[in-house]
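Visitor: Structure provided below as structure tokens; questions to follow.
The values are calculated or read from the model by the stated rules, or taken from the named source; none is laboratory data. Please read these numbers as outputs of a predicted model, since none were measured by experiment. Cβ atoms come from the backbone with ideal geometry, glycine included; neighbour counts cover every protein chain shown.
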Amino acid sequence: MFNQFSRTELLLGASGLEKLAQSRVAVFGIGGVGGYAVEALIRSGLGHIDLIDNDKICITNLNRQIYALRSTVGKYKVDVARERILDINPNVDVTTYKTFYAPETSKDFDFKNYDYIIDAIDTVTGKIELAVQANAEGVPIISSMGAGNKLDPLKFEIADIFKTSVCPLARVMRQELKKRGIKHLKAVYSKEVPIKPNNEASRKENDLHPQDTEKISTMKRQIPGSNAYVPSTVGLIIASEVIKDLCGL
């Protein structure tokens, strides 16, 4: 009898599909990268997923995020994601958190309940804390390095964070993880030298959603340039690694 995962089973086998159906993955950040990772995981048969993101969809998300539509602007990303997930597979167990992940909120999560963790958030402090918690509980984790200010999706690679190069965010992560005694972290990073955003465009804060201008002020940096195909590529790479690791491929 054919079902929605029949073609996936031809590649993963019945045992692989069963493993995915029983697994629980936490996705921290469901924007341009995390949203596509979620999409691929659900369409592959993942049975349990936690979505962690406190953002609402804004007009500037329309160029790259899978949950961003004119009809969803102003809605919480996790709410839109949950509705879409259940429309794809109503049997998925979906848990949502409207939470900005940081060291102060890490206590809200029981990491030992996860079979895999996806780090697709923007802040360095949050990314470090995720790596620390995953390491403490022995849970596999994959971390997305910078996908902004990039144009070439073919420059992305999968490597241990301590074997990465070029990427400025990966350099900071290496330094901070070394201080904390963490020796390994699977990462997706790019060897493309980041493109400097157009200064004139980045100054047009009046054209941005208040949520984005707040980020600029909080992070004290220019908002990065983005496009439709680089973050999505990173998200799909991450999903493929998670699926292969969970299925033992």
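Visitor: Going by the structure shown, is residue 46 assigned to a helix (DSSP H, G or I) and closer than 15 Å to residue 247 by Cβ?
Guide: Taking the combined requirement at face value, the residue does not satisfy it.
Visitor: Give segment 46-74 a look and list any residue that's within 18 Å of residue 95 (Cβ to Cβ) and not acidic (Asp, Glu), or say none.
Guide: Scanning segment 46-74 gives 46, 47, 48, 49, 51, 52, 54, 67.
Visitor: Is it the case that segment 62-75 has a residue that's among the aromatic types (Phe, Trp, Tyr), in a loop (DSSP other than H, G, I, E, B) and closer than 18 Å to residue 236 by Cα?
Guide: There is at least one residue in segment 62-75 that is among the aromatic types (Phe, Trp, Tyr), in a loop (DSSP other than H, G, I, E, B) and closer than 18 Å to residue 236 by Cα.
Visitor: Now a separate question. Do you know which residues across segment 21-34 are in a helix (DSSP H, G or I) and either over 14 Å from residue 94 (Cα atoms) or out of contact with any Gly (no Cβ under 8 Å at 6 or more places or on another chain) (or both)? Steps first, answer last, please.
Guide: Taking segment 21-34 as the starting set, the residues that turn out to be in a helix (DSSP H, G or I) are 21-22, 34.
Correct list: 34 only.
Visitor: Tell me which residues, restricted to segment 35-63, are of a type in the set (S, T, N, Q) and either touching a residue at least 60 places away in the same chain (Cβ under 8 Å) or surrounded by fewer than 18 Cβ atoms within 10 Å (Cβ to Cβ) (or both).
Guide: Result: 44, 54, 60, 63.
Visitor: Restricting to segment 129-160, name every residue that is modelled with pLDDT of 95 or more, crowded, with 19+ Cβ neighbours inside 10 Å, within 16 Å of the chain's Cα centre (by Cα) and not acidic (Asp, Glu).
Guide: Matches in segment 129-160: 130, 131, 134, 141, 142, 143, 144, 145, 156.
Visitor: For residue 174, only one of the following conditions fails: (1) of a type outside the set (Val, Ile, Thr); (2) farther than 24 Å from residue 242 by Cβ; (3) at pLDDT 95 or above; (4) surrounded by 15 or more Cβ atoms within 10 Å (Cβ to Cβ). What is its number?
Guide: (2)
Visitor: Evaluate segment 195-212: report whether one residue or more is under 20 Å from the mean Cα position of the chain (by Cα) and modelled with pLDDT under 60.
Guide: Checked against the condition, which is being under 20 Å from the mean Cα position of the chain (by Cα) and modelled with pLDDT under 60, segment 195-212 yields at least one hit.
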